[in-house]
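Colleague: Take a look at the following structure, please.
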Amino acid sequence: MAIAITRSYGQQTADSNVSASTQQSSKPLKFGMISGGSSFFIPIGEGWLAACEKLGVECYYEAHNATLWPEQEGECDFRSYLADQWIAEKFDGIAFKGCGNWTIMTDVVNKIIDNGIPVVTFDHDVENTTRTAYIGTDQVFMGQTQARLLRQLRPDGGKYVVICRKDGRYEGFIQEISRYNNNKDKASWYQAFEFDRDDQNYTLEYEIGLEYGADVFIFQCQTPMKDENWTYFAADMRARNVTLIGVDGSDWQIDYLNKRSVDGLIGQLPFEIGSKSIQVLYDTVMQRKAQQEILSTNLVSYNLIPADLPPLNVDNNLIGNLVYIGYTCFALIAFSVFVCVAWTIQHRKDLVVRAAQPFFLFMVAGGVLILASALIPLTFDDNGEADSLTSRQAATICMSVPWLVFTGFTVAFSALFSKTWRINRLFFSKVRMARMQVTEKDVLAPFVVLLSSNMIVLVCWTAIDPLTYTRHENEGLDYWNRVISTYGVCKSDTALAFLSPLAAINLGVVAIACWQAYQARAIKSEFAEAKYIALAVFSLFQAFFTGVPVLIVVRNMPEAYYILLTMMVFILCMAILLLIFLPKIFIQRKYAGLSEEEQRKMLHDTIRKHGSSDFGYQPQRGHAQQSSSVRSPQPSDETKETIAGETGSDRYDEKDKFVHNSPIKRRNSL
């Protein structure tokens with residue numbers, strides 16, 4: 001017998017979306033649903049009728065009566081009979097659940113559609129038709145959800161048996177449960193026994209499953225749970241520590257769950273199926289949607305939460321043994337600095353070191369050591385204990401990194417900048433001067449300016465909103481909604497406001513230094529100091545523009561961030577040391593067998609050899625064309641005198657020859 005809600009078409013509730021023109025129609029829209037006869041379909045009918053009432057339309061709901069229409073053929077005949085009747089009554093839309101004979105169902109659905117009536121299928125789709133939409137559970141997703149529930153209830157892995165397997169659900173379950181079988185960090189699940197088909201001899205399947213050591217029985221239909229002996233079976237399985245997971249969430253199944261006669265259920269939402277069915281038909285008739293589509297409904301998971309949850313293994317993303325990389329890098333840099341300083345002290349009276357100026361070399365080495373010291377606080381970790389630090393300790397550890405980095409950069413870079421700037425003054429100055437040297441005052445001037453600028457920003461940062469070490473939760477929870485991953489990081493709400501001026505100050509000075517190095521690119525001498533200083537400056541520039549963007553990307557990945565920042569600091573420090581000290585060490589060894597006069601002579605010869613063309617001087621021509629035999633022009637008098645002053649020579653004579661107080665003598669060994 002049909003259940004109907006009938007209203008005049010113009011009457012609607014506050015939530016109805018019927019247009020004004022349709023409200024004036026005298027004929028109400030009429031829809032019908034042909035549903036199944038089991039208890040599962042009762043909420044579908046309730047959802048259908050509730051949505052019809054809200055929309056203010058006339059609706060009919062018919063459920064299969066197994067007494068009047070017995071067996072599968074009777075169920076199919078029942079659907080075919082109702083379809084013919086509703087076609088004759090010119091229904092505006094029909095929601096349709098198929099029976100087991102899909103050939104008959106295809107013919108019935110196509111017949112309804114041929115009469116201009118839109119059809120929505122639910123529960124089981126009727127393929128090879130032009131139905132408007134299918135509304136129901138995504139069977140593959142339901143099987144996958146069963147697998148996830150199994151991992152939640154039994155995280156240690158084991159063996160399972162699938163009972164009453166259903167198409168889609170079975171494939172989804174197998175796909176999801178076996179996903180991590182090759183992952184060493186995840187528990188593995190394997191099928192104890194696979195039944196070729198469902199012959200509904202469930203008792204035999206239970207026995208076979210237990211014989212093959214099954215830890216879990218997965219039920220993909222309601223039928224086995226309807227057995228009158230289910231509670232005894234469930235009690236026996238509970239005694240054997242075997243887990244039972246079923247489908248659907250009818251009231252009697254929820255009662256089983258409360259009595260621990262089942263450990264978990266993946267339920268569909270039949271009420272939602274009914275309400276969506278009438279909504280889609282209504283929208284189609286109102287010409288809101290006309291395309292064919294599949295609308296999946298939500299699922300609900302029911303399970304018992306044990307009092308003793310499985311142990312929680314939280315990944316705190318600690319640096320761990322990676323700290324030894326930082327310690328090793330710092331030790332190598334410190335040792336290299338010690339060697340460079342010791343070499344400078346030992347050879348401070350040699351011409352090579354005097355020309356490079358020990359104070360300049362000490363300043364570079366000291367700046368590199370301070371910069372490398374930032375590797376020590378970078379190794380800090382709280383071992384996952386967020387409350388192990390006071391707020392002052394957390395801020396001190398974090399703020400020490402920018403203080404050491406920018407201070408070390410200032411010390412080393414001021415020396416590099418001053419030396420490059422001085423070299424350009426020596427060779428390009430138009431002011432006549434007898435002697436010019438890079439004094440300590442020349443180096444300290446940019447050092448004081450740059451250090452003061454950085455310190456002002458760093459002091460404000462430390463006082464207003466310092467970086468503080470905090471531990472944050474990563475996205476993702478375990479099956480029991482517990483945090484499974486955290487990371488520790490130094491953070492400040494206004495960090496960008498202080499990093500921006502620091503970056504502007506230091507990058508600006510680096511850019512100026514790069515231009516100075518570019519101007520000195522052609523200056524050549526035996527020492528080639530300008531070349532190596534330029535390479536060191538460009539190393540700083542490259543480190544800023546290649547390393548910083550990557551650091552921003554991996555900011556919340558402590559291991560990657562630590563490795564990248566450590567390698568950046570190490571490579572930068574070693575590049576500066578090697579480029580500044582190594583060439584001088586080689587030249588010092590090369591000059592070791594020569595007298596001071598011979599060393600000066602070799603130095604002056606290399607400067608004179610590359611002089612005019614490299615410095616950009618052009619020969620002065622008279623009114624008459626000079627012959628090709630005229631020698632190439634040489635450095636200006638100012639430059640000659642300057643070079644003489646830098647290297648200790650007395651003067652240039654009018655023939656471009658160096659005049660010394662003593663004759664040049666080679667050592668006997670040469």
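Colleague: Since Gln85 meets every condition but one in (1) more than 49 Å from the chain's Cα centre (by Cα); (2) outside any loop (DSSP other than H, G, I, E, B); (3) crowded, with 16+ Cβ neighbours inside 10 Å, which condition does it not meet?
Modeller: In the conditions (1) more than 49 Å from the chain's Cα centre (by Cα); (2) outside any loop (DSSP other than H, G, I, E, B); (3) crowded, with 16+ Cβ neighbours inside 10 Å, Gln85 misses (3) alone.
Colleague: Hey, another quick one. Could you list, in sequence order, the residues of region 129-162 that are under 21 Å from Leu82 (Cβ atoms) and in contact with a Ser or Thr (Cβ under 7 Å, 6 or more places away or on another chain)?
Modeller: Selection gives Thr129, Arg131, Thr132, Tyr134, Ile135, Gly136.
Colleague: Consider Tyr134 against the criteria (1) closer than 22 Å to Glu272 by Cβ; (2) in contact with a helix residue (DSSP H, G or I) (Cβ under 8 Å, 6 or more places away or on another chain): it satisfies all of them except one. Which criterion is unmet?
Modeller: (2)
Colleague: Given the conditions (1) in contact (Cβ under 8 Å) with a residue 24 or more places away in the chain; (2) hydroxyl-bearing (Ser, Thr, Tyr); (3) farther than 20 Å from Ala133 by Cα, and given that Ser35 satisfies all but one, which numbered condition is not satisfied?
Modeller: (3)
Colleague: Go through region 112-153 and count every residue that is under 22 Å from Phe31 (Cα atoms) and assigned to a helix (DSSP H, G or I).
Modeller: Matching residues across region 112-153 total 3.
Colleague: Applying the selection to region 488-511, what residues are under 17 Å from Trp461 (Cβ atoms), of a type outside the set (A, V, I, L, M) and not in a helix (DSSP H, G or I)? If you could, list the steps in order and put the result at the bottom.
Modeller: Of the residues in region 488-511, the ones under 17 Å from Trp461 (Cβ atoms) are 489-506.
This time we only want the ones that are of a type outside the set (A, V, I, L, M), so: 490-494, 498, 500-501, 506.
Passing the criteria: Cys490, Lys491, Ser492, Asp493, Thr494.
Colleague: Restricting to region 220-254, name every residue that is charged (D, E, K, R) and free of Cβ contacts under 8 Å to residues at least 60 places away in the same chain. So that I can check it myself, show each step before the final result.
Modeller: Here is the first cut: in region 220-254, the residues charged (D, E, K, R) are 226-228, 236, 238, 240, 248, 251.
Lys226, Asp227, Glu228, Asp236, Arg238, Arg240, Asp251 - these are the residues of region 220-254 that are charged (D, E, K, R) and free of Cβ contacts under 8 Å to residues at least 60 places away in the same chain.
Colleague: Right, next: Taking Leu257 as meeting all but one of (1) under 30 Å from Phe31 (Cα atoms); (2) part of a helix (DSSP H, G or I); (3) without any contact (Cβ under 8 Å) to a residue 60 or more places away in the chain, write down the number of the exception.
Modeller: Leu257 satisfies every listed condition except (1).
Colleague: Could you go through region 43-56 and let me know if any residue there is of a type in the set (A, V, I, L, M) and more than 52 Å from the chain's Cα centre (by Cα). If you could, list the steps in order and put the result at the bottom.
Modeller: Step one: of region 43-56, the residues of a type in the set (A, V, I, L, M) are 44, 49-51, 55.
In the following step, the residues that additionally are more than 52 Å from the chain's Cα centre (by Cα) were identified as none.
No: zero hits.
Colleague: Quickly run through region 149-177 and pick out the residues that are among the small types (Gly, Ala, Ser) and at pLDDT 90 or above. Step through it out loud before you land on a result.
Modeller: At the first step, the residues of region 149-177 found to be among the small types (Gly, Ala, Ser) are 157-158, 168, 172.
Correct list: Gly158, Gly172.
Table: residues versus (1) surrounded by fewer than 19 Cβ atoms within 10 Å (Cβ to Cβ); (2) modelled with pLDDT of 75 or more.
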{"position": "Leu444", "(1), (2)": "yes, no"}
{"position": "Ala463", "(1), (2)": "yes, yes"}
{"position": "Gly488", "(1), (2)": "no, yes"}
{"position": "Gln516", "(1), (2)": "no, no"}
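Colleague: Pick from region 89-111 the residues that are more than 51 Å from the chain's Cα centre (by Cα) and closer than 20 Å to Gly74 by Cβ: which of them is surrounded by the most Cβ atoms within 10 Å (Cβ to Cβ)?
Modeller: Looking at residues that are more than 51 Å from the chain's Cα centre (by Cα) and closer than 20 Å to Gly74 by Cβ, I get Val108.
Colleague: Name the residues in region 208-239 that are under 44 Å from the mean Cα position of the chain (by Cα) and basic (Lys, Arg), would you?
Modeller: Correct list: Arg238 only.
Colleague: Check off (1) within 20 Å of Val247 (Cβ to Cβ); (2) outside any loop (DSSP other than H, G, I, E, B); (3) not β-branched (Val, Ile, Thr) for Glu194 and give me the number that stays unchecked.
Modeller: It is condition (2) that Glu194 fails.
Colleague: Please work out which one of (1) over 30 Å from Leu477 (Cβ atoms); (2) touching a residue at least 60 places away in the same chain (Cβ under 8 Å) is the condition Pro310 fails and give its number.
Modeller: The number of the failed condition is (1).
The values are calculated or read from the model by the stated rules, or taken from the named source; none is laboratory data. Every value quoted in this text rests on a predicted model; they were computed, and no experiment measured them. Neighbour counts run over all protein chains shown; Cβ positions are idealised from the backbone, glycine included.
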